[in-house]
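Novice: Can you keep this structure in mind? I'll have questions shortly.
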Amino acid sequence: MTIKLSTLLEEIKPLETVGTTDRNIISLESDSRKAEKDGMFVAVRGVTTDGHRYIPVVASAHVGAIVCEELPATLEKGITYIRVADTAEALGRLASAWYGHPSSRLKLVGVTGTNGKTTTATLLYEMAKLEGYKAGLLSTVCNYVQDRAIPTTHTTPDPLTLNALLAEMVEAGCDYAFMEVSSHAAHQHRIAGLKFAGAIFSNLTRDHMDYHKTVENYMNAKKMFFDGLDKDAFALVNADDKAGAYMVQNTRARVYTYSLRSDADFRCRIVETHLDGTELELNGHDVHVRFTGRFNAYNLTAVYGAAVLTGFPEEEVRVNMSRLVPVAGRFQTFRSADGGVTAIVDYAHTPDALVNVLDTIREVVGNAGEITTVVGAGGNRDHGKRPMMASEAACRSDLLILTSDNPRDEEP
(Lines give C-alpha, C1' and ligand atoms only; values in the text may rest on other atoms or scores of the structure.)
Protein backbone atom coordinates (compact mmCIF):
# COMPACT_ATOMS: atom_id res chain seq x y z
CA MET A 1 0.00 0.00 0.00
CA THR A 2 1.20 3.52 -0.80
CA ILE A 3 -0.26 6.90 0.12
CA LYS A 4 0.84 10.34 -1.03
CA LEU A 5 2.68 12.21 1.72
CA SER A 6 0.66 15.34 0.92
CA THR A 7 -2.54 13.36 1.54
CA LEU A 8 -1.31 12.11 4.93
CA LEU A 9 -0.30 15.61 6.00
CA GLU A 10 -3.88 16.78 5.53
CA GLU A 11 -4.65 14.86 8.75
CA ILE A 12 -2.24 16.85 10.93
CA LYS A 13 -1.13 20.45 11.33
CA PRO A 14 2.61 20.65 10.58
CA LEU A 15 4.42 23.59 12.16
CA GLU A 16 7.19 23.22 9.62
CA THR A 17 7.96 21.01 6.61
CA VAL A 18 11.44 20.61 5.14
CA GLY A 19 11.56 18.73 1.82
CA THR A 20 9.03 17.66 -0.79
CA THR A 21 5.56 16.40 0.04
CA ASP A 22 5.08 15.09 -3.49
CA ARG A 23 6.20 11.56 -2.75
CA ASN A 24 4.71 8.15 -2.02
CA ILE A 25 4.89 6.66 1.49
CA ILE A 26 4.88 2.85 1.66
CA SER A 27 4.65 2.31 5.45
CA LEU A 28 3.95 4.07 8.74
CA GLU A 29 5.92 3.20 11.91
CA SER A 30 6.75 4.54 15.36
CA ASP A 31 9.17 1.68 16.09
CA SER A 32 12.58 2.55 14.66
CA ARG A 33 13.40 -1.15 14.22
CA LYS A 34 10.57 -1.48 11.68
CA ALA A 35 11.31 1.71 9.73
CA GLU A 36 12.02 1.06 6.05
CA LYS A 37 13.04 2.80 2.85
CA ASP A 38 10.38 5.27 1.62
CA GLY A 39 8.34 4.75 4.79
CA MET A 40 7.29 7.32 7.39
CA PHE A 41 8.71 7.29 10.93
CA VAL A 42 6.95 9.15 13.76
CA ALA A 43 9.25 9.98 16.69
CA VAL A 44 7.04 9.65 19.78
CA ARG A 45 8.18 10.56 23.29
CA GLY A 46 7.23 7.49 25.34
CA VAL A 47 7.32 6.68 29.06
CA THR A 48 10.63 4.79 28.89
CA THR A 49 12.25 6.11 25.71
CA ASP A 50 12.13 9.00 23.26
CA GLY A 51 11.71 8.21 19.56
CA HIS A 52 13.74 11.33 18.69
CA ARG A 53 16.85 9.45 19.83
CA TYR A 54 16.43 7.06 16.91
CA ILE A 55 16.07 9.63 14.12
CA PRO A 56 19.70 9.10 12.95
CA VAL A 57 19.05 5.33 12.79
CA VAL A 58 15.92 5.65 10.65
CA ALA A 59 17.58 8.30 8.49
CA SER A 60 20.29 5.79 7.62
CA ALA A 61 17.52 3.40 6.55
CA HIS A 62 16.51 6.03 3.96
CA VAL A 63 12.96 6.53 5.19
CA GLY A 64 10.91 8.90 3.08
CA ALA A 65 9.59 11.11 5.89
CA ILE A 66 10.21 11.76 9.58
CA VAL A 67 7.61 13.36 11.88
CA CYS A 68 9.13 14.96 14.97
CA GLU A 69 8.69 17.70 17.56
CA GLU A 70 12.26 18.95 17.16
CA LEU A 71 14.21 18.92 13.91
CA PRO A 72 17.58 17.14 14.20
CA ALA A 73 20.77 19.19 13.90
CA THR A 74 21.65 17.41 10.65
CA LEU A 75 19.01 17.03 7.93
CA GLU A 76 19.70 14.18 5.51
CA LYS A 77 19.10 14.76 1.83
CA GLY A 78 16.16 12.90 0.30
CA ILE A 79 14.14 12.82 3.54
CA THR A 80 11.15 15.06 4.24
CA TYR A 81 11.07 16.33 7.82
CA ILE A 82 7.72 17.34 9.34
CA ARG A 83 7.70 19.20 12.66
CA VAL A 84 4.51 19.05 14.76
CA ALA A 85 3.50 20.16 18.26
CA ASP A 86 2.71 16.63 19.51
CA THR A 87 3.93 13.52 17.70
CA ALA A 88 1.78 11.17 19.80
CA GLU A 89 -1.39 12.92 18.64
CA ALA A 90 -0.05 13.09 15.08
CA LEU A 91 0.58 9.32 15.10
CA GLY A 92 -3.03 8.64 16.09
CA ARG A 93 -4.40 10.79 13.27
CA LEU A 94 -1.92 9.43 10.73
CA ALA A 95 -2.70 5.83 11.74
CA SER A 96 -6.41 6.44 11.26
CA ALA A 97 -5.80 7.87 7.79
CA TRP A 98 -3.37 5.08 6.88
CA TYR A 99 -6.02 2.44 7.51
CA GLY A 100 -8.80 4.37 5.77
CA HIS A 101 -10.49 5.91 8.83
CA PRO A 102 -12.04 2.59 9.96
CA SER A 103 -13.72 4.08 13.06
CA SER A 104 -15.96 6.19 10.81
CA ARG A 105 -17.10 3.09 8.91
CA LEU A 106 -18.70 1.39 11.93
CA LYS A 107 -20.28 2.50 15.20
CA LEU A 108 -17.52 2.69 17.81
CA VAL A 109 -18.40 2.97 21.51
CA GLY A 110 -15.70 3.50 24.16
CA VAL A 111 -15.88 2.74 27.89
CA THR A 112 -13.71 4.43 30.50
CA GLY A 113 -13.57 4.50 34.31
CA THR A 114 -11.58 2.81 37.07
CA ASN A 115 -13.74 -0.31 37.38
CA GLY A 116 -16.24 -1.97 35.08
CA LYS A 117 -14.65 -1.21 31.70
CA THR A 118 -14.08 -4.83 30.67
CA THR A 119 -17.50 -6.06 31.78
CA THR A 120 -19.38 -3.17 30.16
CA ALA A 121 -17.51 -3.30 26.83
CA THR A 122 -17.72 -7.10 26.62
CA LEU A 123 -21.43 -7.23 27.42
CA LEU A 124 -22.17 -4.57 24.79
CA TYR A 125 -20.25 -6.70 22.27
CA GLU A 126 -22.32 -9.74 23.28
CA MET A 127 -25.52 -7.67 23.16
CA ALA A 128 -24.78 -6.56 19.59
CA LYS A 129 -24.32 -10.20 18.55
CA LEU A 130 -27.57 -11.20 20.27
CA GLU A 131 -29.24 -8.42 18.27
CA GLY A 132 -27.99 -10.12 15.11
CA TYR A 133 -25.14 -7.77 14.24
CA LYS A 134 -21.47 -8.42 13.57
CA ALA A 135 -19.28 -6.73 16.15
CA GLY A 136 -15.72 -6.28 17.36
CA LEU A 137 -14.24 -5.93 20.85
CA LEU A 138 -11.05 -4.31 22.14
CA SER A 139 -10.54 -5.20 25.81
CA THR A 140 -8.08 -6.06 28.56
CA VAL A 141 -8.95 -9.76 28.38
CA CYS A 142 -9.01 -10.37 24.62
CA ASN A 143 -9.68 -8.61 21.32
CA TYR A 144 -12.30 -10.01 18.97
CA VAL A 145 -13.01 -9.44 15.29
CA GLN A 146 -16.52 -10.91 15.24
CA ASP A 147 -15.82 -14.39 16.74
CA ARG A 148 -12.08 -14.51 15.99
CA ALA A 149 -10.01 -14.01 19.15
CA ILE A 150 -6.80 -11.96 19.01
CA PRO A 151 -4.53 -11.89 22.10
CA THR A 152 -4.14 -8.53 23.83
CA THR A 153 -1.16 -6.87 25.53
CA HIS A 154 -2.66 -3.51 26.60
CA THR A 155 -6.09 -2.33 27.71
CA THR A 156 -6.00 0.05 24.74
CA PRO A 157 -3.50 -0.82 21.96
CA ASP A 158 -1.07 1.63 20.33
CA PRO A 159 -2.62 3.70 17.46
CA LEU A 160 -1.24 1.54 14.64
CA THR A 161 -2.41 -1.74 16.19
CA LEU A 162 -5.73 -0.15 17.19
CA ASN A 163 -6.53 1.12 13.70
CA ALA A 164 -5.33 -2.11 12.10
CA LEU A 165 -7.78 -4.05 14.29
CA LEU A 166 -10.62 -1.65 13.49
CA ALA A 167 -9.80 -2.02 9.79
CA GLU A 168 -10.02 -5.81 10.19
CA MET A 169 -13.44 -5.37 11.79
CA VAL A 170 -14.61 -3.27 8.85
CA GLU A 171 -13.23 -5.85 6.41
CA ALA A 172 -15.08 -8.60 8.31
CA GLY A 173 -18.35 -6.67 7.92
CA CYS A 174 -18.70 -5.56 11.55
CA ASP A 175 -21.42 -3.00 12.21
CA TYR A 176 -20.25 -2.13 15.73
CA ALA A 177 -17.07 -2.04 17.82
CA PHE A 178 -16.78 -1.68 21.58
CA MET A 179 -13.54 -0.82 23.35
CA GLU A 180 -12.04 -0.04 26.72
CA VAL A 181 -10.39 3.37 26.83
CA SER A 182 -7.74 3.53 29.55
CA SER A 183 -6.50 6.76 31.14
CA HIS A 184 -3.06 6.02 29.66
CA ALA A 185 -4.57 5.76 26.16
CA ALA A 186 -6.38 9.09 26.46
CA HIS A 187 -3.36 10.87 27.94
CA GLN A 188 -0.98 9.42 25.33
CA HIS A 189 -3.35 10.26 22.43
CA ARG A 190 -3.67 6.62 21.37
CA ILE A 191 -7.31 7.33 20.46
CA ALA A 192 -6.54 10.53 18.50
CA GLY A 193 -8.21 10.49 15.09
CA LEU A 194 -10.91 7.98 16.07
CA LYS A 195 -14.59 8.79 15.56
CA PHE A 196 -16.69 7.57 18.49
CA ALA A 197 -20.43 7.07 18.23
CA GLY A 198 -20.60 7.04 22.02
CA ALA A 199 -18.66 7.07 25.29
CA ILE A 200 -19.45 5.64 28.73
CA PHE A 201 -18.05 6.68 32.12
CA SER A 202 -18.38 4.10 34.91
CA ASN A 203 -16.70 5.47 38.04
CA LEU A 204 -13.48 6.93 39.40
CA THR A 205 -11.44 5.71 42.35
CA ARG A 206 -7.70 5.62 43.07
CA ASP A 207 -5.61 3.79 40.46
CA HIS A 208 -2.47 4.21 38.32
CA MET A 209 -0.84 6.72 40.67
CA ASP A 210 2.53 5.36 39.51
CA TYR A 211 1.80 7.02 36.15
CA HIS A 212 -0.55 9.94 36.82
CA LYS A 213 0.91 10.91 40.25
CA THR A 214 -2.35 12.55 41.46
CA VAL A 215 -6.05 11.63 41.34
CA GLU A 216 -6.72 14.99 39.64
CA ASN A 217 -4.32 14.12 36.79
CA TYR A 218 -5.92 10.69 36.51
CA MET A 219 -9.41 12.22 36.33
CA ASN A 220 -8.36 14.82 33.75
CA ALA A 221 -6.83 12.11 31.55
CA LYS A 222 -10.20 10.35 31.41
CA LYS A 223 -11.97 13.66 30.81
CA MET A 224 -9.84 14.14 27.66
CA PHE A 225 -11.83 11.28 26.09
CA PHE A 226 -15.14 13.15 26.52
CA ASP A 227 -13.63 16.50 25.52
CA GLY A 228 -12.81 15.03 22.12
CA LEU A 229 -16.26 13.65 21.26
CA ASP A 230 -18.20 15.03 18.28
CA LYS A 231 -21.62 16.66 18.71
CA ASP A 232 -23.36 13.69 17.09
CA ALA A 233 -21.97 11.23 19.68
CA PHE A 234 -23.56 10.33 23.02
CA ALA A 235 -21.90 10.53 26.43
CA LEU A 236 -23.42 8.24 29.08
CA VAL A 237 -22.17 8.89 32.62
CA ASN A 238 -22.78 7.45 36.07
CA ALA A 239 -24.83 10.10 37.90
CA ASP A 240 -24.00 8.48 41.27
CA ASP A 241 -20.27 9.16 40.88
CA LYS A 242 -19.28 12.77 41.57
CA ALA A 243 -16.75 12.63 38.71
CA GLY A 244 -19.54 11.87 36.23
CA ALA A 245 -20.68 15.49 35.86
CA TYR A 246 -17.06 16.64 35.63
CA MET A 247 -16.36 14.30 32.71
CA VAL A 248 -18.93 16.00 30.49
CA GLN A 249 -18.37 19.63 31.49
CA ASN A 250 -16.78 20.49 28.14
CA THR A 251 -18.08 17.77 25.87
CA ARG A 252 -19.93 18.53 22.63
CA ALA A 253 -21.70 15.16 22.79
CA ARG A 254 -25.32 14.57 23.82
CA VAL A 255 -25.20 13.83 27.58
CA TYR A 256 -27.23 11.06 29.26
CA THR A 257 -27.08 9.64 32.79
CA TYR A 258 -27.63 6.33 34.54
CA SER A 259 -28.17 5.74 38.26
CA LEU A 260 -29.14 3.38 41.07
CA ARG A 261 -29.80 6.18 43.56
CA SER A 262 -31.38 9.15 41.81
CA ASP A 263 -33.40 10.28 38.81
CA ALA A 264 -31.59 9.58 35.55
CA ASP A 265 -32.25 8.77 31.91
CA PHE A 266 -31.58 5.10 32.73
CA ARG A 267 -32.67 4.12 36.24
CA CYS A 268 -32.02 0.81 38.00
CA ARG A 269 -33.32 -0.65 41.26
CA ILE A 270 -32.08 -3.90 42.82
CA VAL A 271 -35.12 -5.98 43.78
CA GLU A 272 -33.51 -9.22 45.01
CA THR A 273 -29.94 -10.57 45.10
CA HIS A 274 -28.54 -14.13 44.96
CA LEU A 275 -25.01 -15.46 44.43
CA ASP A 276 -25.92 -16.58 40.91
CA GLY A 277 -28.20 -13.75 39.81
CA THR A 278 -30.20 -10.61 40.56
CA GLU A 279 -33.71 -9.29 39.98
CA LEU A 280 -33.49 -5.74 38.64
CA GLU A 281 -35.99 -3.08 37.75
CA LEU A 282 -34.75 -1.10 34.72
CA ASN A 283 -36.72 2.02 33.87
CA GLY A 284 -39.76 0.45 35.51
CA HIS A 285 -39.43 -2.99 33.88
CA ASP A 286 -38.47 -6.19 35.76
CA VAL A 287 -35.40 -7.97 34.38
CA HIS A 288 -33.62 -11.06 35.71
CA VAL A 289 -29.85 -11.10 35.14
CA ARG A 290 -27.16 -13.70 35.82
CA PHE A 291 -24.96 -11.22 37.67
CA THR A 292 -24.54 -10.39 41.34
CA GLY A 293 -23.65 -7.23 43.23
CA ARG A 294 -24.39 -3.54 43.18
CA PHE A 295 -21.30 -2.88 41.06
CA ASN A 296 -22.63 -5.26 38.41
CA ALA A 297 -26.01 -3.53 38.58
CA TYR A 298 -24.19 -0.33 37.62
CA ASN A 299 -22.38 -2.11 34.76
CA LEU A 300 -25.64 -3.59 33.46
CA THR A 301 -27.45 -0.25 33.66
CA ALA A 302 -24.66 1.28 31.58
CA VAL A 303 -25.01 -1.59 29.08
CA TYR A 304 -28.78 -1.09 28.98
CA GLY A 305 -28.47 2.65 28.41
CA ALA A 306 -25.68 2.42 25.83
CA ALA A 307 -27.47 -0.33 23.89
CA VAL A 308 -30.61 1.82 23.64
CA LEU A 309 -28.59 4.94 22.70
CA THR A 310 -26.70 2.91 20.10
CA GLY A 311 -30.01 2.17 18.41
CA PHE A 312 -31.08 -1.28 19.61
CA PRO A 313 -34.85 -1.63 20.32
CA GLU A 314 -35.42 -1.14 24.05
CA GLU A 315 -37.74 -4.13 24.49
CA GLU A 316 -35.27 -6.46 22.74
CA VAL A 317 -32.46 -5.10 24.90
CA ARG A 318 -34.37 -6.01 28.09
CA VAL A 319 -34.99 -9.55 26.80
CA ASN A 320 -31.33 -10.01 25.87
CA MET A 321 -30.14 -8.66 29.25
CA SER A 322 -31.35 -11.97 30.74
CA ARG A 323 -29.25 -13.92 28.21
CA LEU A 324 -25.96 -12.21 29.02
CA VAL A 325 -23.42 -14.14 31.13
CA PRO A 326 -20.58 -12.85 33.36
CA VAL A 327 -17.20 -12.11 31.80
CA ALA A 328 -14.43 -14.59 32.71
CA GLY A 329 -12.71 -13.47 35.90
CA ARG A 330 -15.35 -10.85 36.75
CA PHE A 331 -17.33 -12.15 39.77
CA GLN A 332 -17.20 -15.57 38.17
CA THR A 333 -18.93 -18.13 40.42
CA PHE A 334 -18.06 -21.81 40.95
CA ARG A 335 -20.09 -24.07 43.26
CA SER A 336 -18.95 -27.28 44.96
CA ALA A 337 -20.89 -30.48 44.20
CA ASP A 338 -22.73 -30.35 47.53
CA GLY A 339 -23.32 -26.60 47.26
CA GLY A 340 -21.60 -25.95 50.58
CA VAL A 341 -18.70 -23.96 49.16
CA THR A 342 -18.73 -21.22 46.54
CA ALA A 343 -15.58 -19.87 44.90
CA ILE A 344 -15.69 -16.44 43.29
CA VAL A 345 -12.95 -15.23 40.93
CA ASP A 346 -12.72 -11.47 40.37
CA TYR A 347 -10.17 -9.14 38.81
CA ALA A 348 -10.54 -6.59 41.67
CA HIS A 349 -7.24 -4.68 41.71
CA THR A 350 -8.15 -1.47 43.53
CA PRO A 351 -9.37 -0.84 47.11
CA ASP A 352 -12.81 0.19 45.87
CA ALA A 353 -13.22 -2.87 43.64
CA LEU A 354 -12.20 -5.16 46.49
CA VAL A 355 -14.75 -3.52 48.80
CA ASN A 356 -17.47 -3.93 46.17
CA VAL A 357 -16.80 -7.66 45.74
CA LEU A 358 -16.45 -8.51 49.44
CA ASP A 359 -19.47 -6.42 50.51
CA THR A 360 -21.55 -8.14 47.83
CA ILE A 361 -20.50 -11.58 49.07
CA ARG A 362 -21.23 -10.67 52.71
CA GLU A 363 -24.64 -9.28 51.75
CA VAL A 364 -25.59 -12.61 50.15
CA VAL A 365 -24.07 -15.12 52.61
CA GLY A 366 -24.84 -13.08 55.75
CA ASN A 367 -22.85 -13.20 58.98
CA ALA A 368 -23.17 -16.96 59.25
CA GLY A 369 -21.08 -17.59 56.14
CA GLU A 370 -17.27 -17.56 56.26
CA ILE A 371 -15.27 -15.57 53.71
CA THR A 372 -11.70 -16.52 52.81
CA THR A 373 -9.97 -13.95 50.60
CA VAL A 374 -6.85 -14.52 48.50
CA VAL A 375 -5.47 -11.29 47.06
CA GLY A 376 -2.29 -9.70 45.79
CA ALA A 377 -1.07 -6.60 43.92
CA GLY A 378 0.90 -6.28 40.71
CA GLY A 379 4.59 -5.33 40.81
CA ASN A 380 5.98 -2.04 39.44
CA ARG A 381 2.62 -0.36 39.94
CA ASP A 382 0.92 1.94 42.46
CA HIS A 383 2.48 1.12 45.87
CA GLY A 384 0.11 3.41 47.79
CA LYS A 385 -2.99 1.31 47.20
CA ARG A 386 -1.45 -1.91 48.60
CA PRO A 387 -1.92 -1.25 52.36
CA MET A 388 -5.39 0.13 51.56
CA MET A 389 -6.32 -3.09 49.77
CA ALA A 390 -4.92 -5.20 52.61
CA SER A 391 -6.85 -3.21 55.22
CA GLU A 392 -10.16 -3.36 53.34
CA ALA A 393 -9.77 -7.10 52.74
CA ALA A 394 -8.78 -7.82 56.34
CA CYS A 395 -11.85 -6.19 57.89
CA ARG A 396 -14.20 -7.94 55.45
CA SER A 397 -12.77 -11.48 55.59
CA ASP A 398 -12.68 -14.30 58.14
CA LEU A 399 -9.36 -15.47 56.70
CA LEU A 400 -7.08 -13.33 54.52
CA ILE A 401 -4.24 -14.72 52.41
CA LEU A 402 -1.93 -12.06 50.93
CA THR A 403 0.07 -13.39 48.01
CA SER A 404 2.04 -12.35 44.96
CA ASP A 405 0.25 -11.18 41.81
CA ASN A 406 2.59 -10.82 38.81
CA PRO A 407 5.61 -9.29 40.65
CA ARG A 408 7.17 -8.10 37.36
CA ASP A 409 10.59 -6.65 38.30
CA GLU A 410 9.93 -6.42 42.06
CA GLU A 411 11.29 -8.88 44.60
CA PRO A 412 8.19 -10.75 45.87
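The values are calculated or read from the model by the stated rules, or taken from the named source; none is laboratory data. In this text the structure is predicted, and so the values were computed from the model without any measurement. Every residue, glycine among them, receives a Cβ derived from its backbone with ideal geometry; neighbour counts consider all protein chains shown. Protein only, heavy atoms only, side chains kept; ligands, DNA and RNA dropped before computing areas. Shrake-Rupley method; radii C 1.70, N 1.55, O 1.52, S 1.80 Å.
Novice: What's the number of the condition D382 fails, among (1) open to solvent by 20 Å² or more (accessible area, probe 1.4 Å); (2) of a type in the set (D, E); (3) closer than 23 Å to G113 by Cβ; (4) out of contact with any Leu (no Cβ under 8 Å at 6 or more places or on another chain)?
Specialist: Here D382 meets the rest and fails (1).
Novice: In contact with a Gly (Cβ under 7 Å, 6 or more places away or on another chain), within 29 Å of A297 (Cβ to Cβ) and surrounded by 24 or more Cβ atoms within 10 Å (Cβ to Cβ) - does that describe any residue in the range 208-215?
Specialist: No, that holds for no residue.
Novice: Which one of these does L124 not meet: (1) of a type outside the set (F, W, Y); (2) free of Cβ contacts under 8 Å to residues at least 24 places away in the same chain; (3) open to solvent by less than 10 Å² (accessible area, probe 1.4 Å); (4) under 18 Å from V308 (Cα atoms)?
Specialist: (2)
Novice: Within the range 139-159, track down each residue that is surrounded by 22 or more Cβ atoms within 10 Å (Cβ to Cβ) and either in contact (Cβ under 8 Å) with a residue 60 or more places away in the chain or in a loop (DSSP other than H, G, I, E, B) (or both).
Specialist: Across the range 139-159, the qualifying residues are S139, T156, P159.
Novice: Which one is most open to solvent (accessible area, probe 1.4 Å), of the residues in the range 160-179 that are free of Cβ contacts under 8 Å to residues at least 40 places away in the same chain and more than 17 Å from the chain's Cα centre (by Cα)?
Specialist: E171
Novice: Can you work out which of the residues in the range 249-277 that are touching a residue at least 24 places away in the same chain (Cβ under 8 Å) and of a type in the set (V, I, T) is surrounded by the most Cβ atoms within 10 Å (Cβ to Cβ)?
Specialist: Checked the range 249-277; the qualifying residue surrounded by the most Cβ atoms within 10 Å (Cβ to Cβ) is T251.
Novice: Continuing with this model, one more query. Just give me the residues in the range 196-247 being modelled with pLDDT of 90 or more and of a type in the set (D, E), in sequence order.
Specialist: Hits for the range 196-247 are D227, D230, D232, D240, D241.
Novice: Here are E69, E29: which of them is open to solvent by less than 50 Å² (accessible area, probe 1.4 Å), modelled with pLDDT of 95 or more, more than 24 Å from the chain's Cα centre (by Cα) and of a type in the set (D, E, K, R)?
Specialist: Step by step, each of E69, E29 is checked, and only E69 is open to solvent by less than 50 Å² (accessible area, probe 1.4 Å), modelled with pLDDT of 95 or more, more than 24 Å from the chain's Cα centre (by Cα) and of a type in the set (D, E, K, R).
Novice: Quick check on the range 335-353. Is at least one of its residues open to solvent by less than 10 Å² (accessible area, probe 1.4 Å), outside any helix (DSSP H, G or I) and in contact with a Lys or Arg (Cβ under 8 Å, 6 or more places away or on another chain)?
Specialist: Checking the range 335-353: at least one residue is open to solvent by less than 10 Å² (accessible area, probe 1.4 Å), outside any helix (DSSP H, G or I) and in contact with a Lys or Arg (Cβ under 8 Å, 6 or more places away or on another chain).
Table: residues versus (1) touching a Ser or Thr at 6+ places or on another chain (Cβ under 6 Å); (2) modelled with pLDDT under 95.
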position	(1), (2)
D22	no, no
D50	no, yes
H62	no, yes
Y81	no, no
L91	yes, no
A97	no, no
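Novice: Also, quick follow-up: Quick one: how many residues across the range 1-24 are open to solvent by less than 60 Å² (accessible area, probe 1.4 Å), over 11 Å from I82 (Cβ atoms) and among the β-branched types (V, I, T)?
Specialist: So the count comes out to 1.
Novice: In the list V271, V237, which residue meets the criterion of being among the β-branched types (V, I, T), out of contact with any Gly (no Cβ under 6 Å at 6 or more places or on another chain) and assigned to a strand (DSSP E or B)?
Specialist: Step by step, each of V271, V237 is checked, and only V271 is among the β-branched types (V, I, T), out of contact with any Gly (no Cβ under 6 Å at 6 or more places or on another chain) and assigned to a strand (DSSP E or B).
Novice: Is the range 187-197 home to any residue that is outside any loop (DSSP other than H, G, I, E, B) and either surrounded by 22 or more Cβ atoms within 10 Å (Cβ to Cβ) or aliphatic (A, V, I, L, M) (or both)?
Specialist: Scanning the range 187-197 turns up no residue that is outside any loop (DSSP other than H, G, I, E, B) and either surrounded by 22 or more Cβ atoms within 10 Å (Cβ to Cβ) or aliphatic (A, V, I, L, M) (or both).
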